[in-house]
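The structure under discussion appears below in the form of structure tokens.
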Amino acid sequence: VFCNHEPLWRNIVLETCKGGFLFYETWKSTYVSAIRPSFEILNSGLNVRDFYSDYLFQSWLCANLEMKPEWLERDNIVRAKGISVEEFVSRFEEPNKPVLLEGCLENWAALDKWDRNYLIDLCGNVQFSVGPVEMKLEEYFRYSDLAKEERPLYLFDPRFARKVPNLGLDYEVPVYFSEDLFSVLGDERPDYRWIIIGPAGSGSSFHIDPNSTSAWNAVIKGSKKWILFPPDVVPPGVHPSPDGVEVACPVSIIEWFMNFYNETRSWKKKPIECVCKAGEVIFVPNGWWHLVINLEDSIAITQNFVSRSVHVSLHILCWSNYA
């Protein structure tokens with residue numbers, strides 16, 4: 001039984017296939033097809049009685065459980081549309097508060113163009129970062145269509161605009177986030193922008209963005225559920241190391257919802273929550289814990305930035321490093 005446990009075969013494939021692979025319904029079949037084609041798989045199935053394992057059941061449950069309505073009903077984020085940059089700074093950036101911005105992606109060509117066929121044709125054989133491996137988009141979409149697992153692989157590539165320059169031309173930074181002090185570092189600046197593609201159930205578990213940066217995340221296709229906690233509130237089930245470098249949390253996002261989400265309902269200081277849909281942008285202030293899970297097949301662009309209005313001290317630091 002344990003030798004047929006899919007997460008174990010997944011680990012073997014990801015450790016072996018650094019340059020991409022074609023997914024064949026299961027990780028075990030993928031391993032045999034890609035690595036050991038001479039192996040013969042007997043498809044007679046297993047007939048085992050009186051066998052129980054929480055370890056096996058937990059991953060199966062998280063892979064097959066859909067988001068419950070009560071996990072999606074709370075929507076308490078402030079929404080804004082058509083506000084000025086000055087109002088955004090005074091109401092949200094300076095006080096370090098999240099906001100969901102509507103109507104600021106209307107000039108993005110990506111909103112109309114970025115469907116699956118367009119991206120596959122445009123990107124061709126270009127390899128993108130998908131967890132520990134590199135995959136072509138056609139390979140990744142094949143995987144995301146077939147896989148049903150606890151932690152779906154997430155395409156999260158920081159160099160997409162260098163690899164395919166036209167991708168970088170299909171969007172522009174919303175005016176609210178045009179200032180980024182890290183830009184003075186030129187080629188030495190840390191990774192700061194990513195294309196994100198993933199199926200329902202994929203996403204990012206609780207974390208704080210690095211280098212004291214804030215972030216914006218714009219949904220092009222699909223929708224995402226967000227949960228955010230302020231810097232002084234550590235989410236339940238999350239255990240950061242004393243230096244904040246490492247974070248221990250549940251294996252999967254669904255597991256966190258199953259075991260810890262209801263706990264927040266009784267908290268006096270409740271998390272900020274929302275569903276961000278195509279054409280909308282969420283502002284994630286620096287230091288805020290956040291979790292995001294795709295509710296359907298989704299495509300997004302996200303960037304981290306440092307603004308003068310919040311980080312005067314970092315402004316000085318950046319210029320000194322640049323000099």
Review point. Would the stretch 55-62 turn up any residue that is among the aromatic types (Phe, Trp, Tyr) and under 21 Å from the mean Cα position of the chain (by Cα)?
Key: no
Exercise for review: Would you mind stating whether Ala63 is open to solvent by less than 70 Å² (accessible area, probe 1.4 Å), under 30 Å from Asn259 (Cα atoms) and not in a loop (DSSP other than H, G, I, E, B)?
Suggested key: yes
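Report yes if Glu94 is under 23 Å from the mean Cα position of the chain (by Cα) and surrounded by 10 or more Cβ atoms within 10 Å (Cβ to Cβ), otherwise no. Reasoning before the result, please.
Details: under 23 Å from the mean Cα position of the chain (by Cα): no; surrounded by 10 or more Cβ atoms within 10 Å (Cβ to Cβ): yes.
Here the answer is no, as Glu94 does not meet what is asked.
Collect the residues in the stretch 145-160 that are open to solvent by less than 60 Å² (accessible area, probe 1.4 Å) and in contact with a strand residue (DSSP E or B) (Cβ under 7 Å, 6 or more places away or on another chain), keeping them in residue-number order.
The initial filter retains those residues of the stretch 145-160 that are open to solvent by less than 60 Å² (accessible area, probe 1.4 Å), namely 147, 149-150, 152-155, 157-158, 160.
Pro152, Leu153, Tyr154, Leu155, Asp157, Pro158, Phe160 - these are the residues of the stretch 145-160 that are open to solvent by less than 60 Å² (accessible area, probe 1.4 Å) and in contact with a strand residue (DSSP E or B) (Cβ under 7 Å, 6 or more places away or on another chain).
Which of the residues spanning the stretch 161-186 are touching a Gly at 6+ places or on another chain (Cβ under 9 Å) and surrounded by fewer than 20 Cβ atoms within 10 Å (Cβ to Cβ)?
If the condition is that a residue be touching a Gly at 6+ places or on another chain (Cβ under 9 Å) and surrounded by fewer than 20 Cβ atoms within 10 Å (Cβ to Cβ), then Ala161, Arg162 are the ones that fit.
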Check your understanding: With respect to the numbered conditions (1) part of a helix (DSSP H, G or I); (2) in contact (Cβ under 8 Å) with a residue 12 or more places away in the chain, which one is the sole condition not fulfilled by Cys3?
Key -> (2)
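For every residue, the table says whether it meets (1) of a type outside the set (S, T, N, Q); (2) modelled with pLDDT of 90 or more; (3) closer than 30 Å to Glu138 by Cα; (4) not in a helix (DSSP H, G or I).
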{"position": "Leu8", "(1), (2), (3), (4)": "yes, yes, yes, no"}
{"position": "Leu14", "(1), (2), (3), (4)": "yes, yes, yes, no"}
{"position": "Gly20", "(1), (2), (3), (4)": "yes, no, yes, yes"}
{"position": "Val32", "(1), (2), (3), (4)": "yes, no, yes, no"}
{"position": "Pro37", "(1), (2), (3), (4)": "yes, no, yes, yes"}
{"position": "Ser44", "(1), (2), (3), (4)": "no, no, no, yes"}
{"position": "Asp50", "(1), (2), (3), (4)": "yes, no, no, yes"}
{"position": "Met67", "(1), (2), (3), (4)": "yes, yes, yes, yes"}
{"position": "Ser90", "(1), (2), (3), (4)": "no, yes, no, no"}
Check your understanding: Quick check: anything in the stretch 29-39 within 24 Å of the chain's Cα centre (by Cα) and of a type in the set (Ser, Thr, Tyr)?
Key -> no
Practice item. Can you tell me which residue among Ile254, Ile227 is touching a residue at least 60 places away in the same chain (Cβ under 8 Å), in a helix (DSSP H, G or I) and open to solvent by less than 60 Å² (accessible area, probe 1.4 Å)? Key: Ile254
Review point. Pick from the stretch 261-280 the residues that are crowded, with 17+ Cβ neighbours inside 10 Å and among the hydroxyl-bearing types (Ser, Thr, Tyr): which of them is modelled with the lowest pLDDT?
Key: Thr264
**Study point:** Pairs, first in contact (Cβ under 8 Å) with a residue 40 or more places away in the chain in the stretch 132-146, second among the charged types (D, E, K, R) and open to solvent by less than 50 Å² (accessible area, probe 1.4 Å), C-beta under 6 Å, six or more apart
**Key:** none
Practice item. Scan the stretch 203-212 and give yes if some residue there is in contact with a Cys (Cβ under 8 Å, 6 or more places away or on another chain), in a loop (DSSP other than H, G, I, E, B) and crowded, with 22+ Cβ neighbours inside 10 Å, otherwise no. Key: no
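Of everything in the stretch 55-69 that's in contact with a Phe, Trp or Tyr (Cβ under 9 Å, 6 or more places away or on another chain) and touching a residue at least 40 places away in the same chain (Cβ under 8 Å), which residue is farthest from Ile227 (Cα to Cα)?
The initial filter retains those residues of the stretch 55-69 that are in contact with a Phe, Trp or Tyr (Cβ under 9 Å, 6 or more places away or on another chain), namely 55-56, 65, 67-68.
From what is left, the residues that are touching a residue at least 40 places away in the same chain (Cβ under 8 Å) are 56, 65, 67-68.
Details: Leu56: 28, Leu65: 19, Met67: 14, Lys68: 15 Å.
Residue satisfying both the conditions and the ranking: Leu56.
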Review point. Only one of these conditions is not met by Ser309: (1) in contact with a helix residue (DSSP H, G or I) (Cβ under 7 Å, 6 or more places away or on another chain); (2) within 27 Å of Glu93 (Cα to Cα); (3) of a type in the set (S, T, N, Q); (4) open to solvent by less than 10 Å² (accessible area, probe 1.4 Å). Which number is it?
Key: (4)
Review point. Looking at the stretch 281-306, which of its residues are open to solvent by less than 20 Å² (accessible area, probe 1.4 Å), in a loop (DSSP other than H, G, I, E, B) and farther than 25 Å from Val238 by Cα?
Key: Val306
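Can you give me the number of residues within the stretch 240-251 that are loosely packed, with under 11 Cβ neighbours inside 10 Å and either within 22 Å of Leu153 (Cα to Cα) or modelled with pLDDT of 90 or more (or both)? Talk me through it step by step, then tell me what you get.
Of the residues in the stretch 240-251, the ones loosely packed, with under 11 Cβ neighbours inside 10 Å are 241-246, 248.
Filter once more, so that each one left must be either within 22 Å of Leu153 (Cα to Cα) or modelled with pLDDT of 90 or more (or both): 246, 248.
Looking only at that region, the number is 2.
The values are calculated or read from the model by the stated rules, or taken from the named source; none is laboratory data. Predicted, not measured: the structure shown is a model, and the values here were computed from it. In this analysis, Cβ positions are derived from the backbone assuming ideal geometry, glycine residues included, and neighbour counts consider all displayed protein chains. Side chains are part of the model used for accessible areas, which takes the heavy atoms of the whole protein and leaves out ligands, DNA and RNA. Shrake-Rupley method; radii C 1.70, N 1.55, O 1.52, S 1.80 Å.
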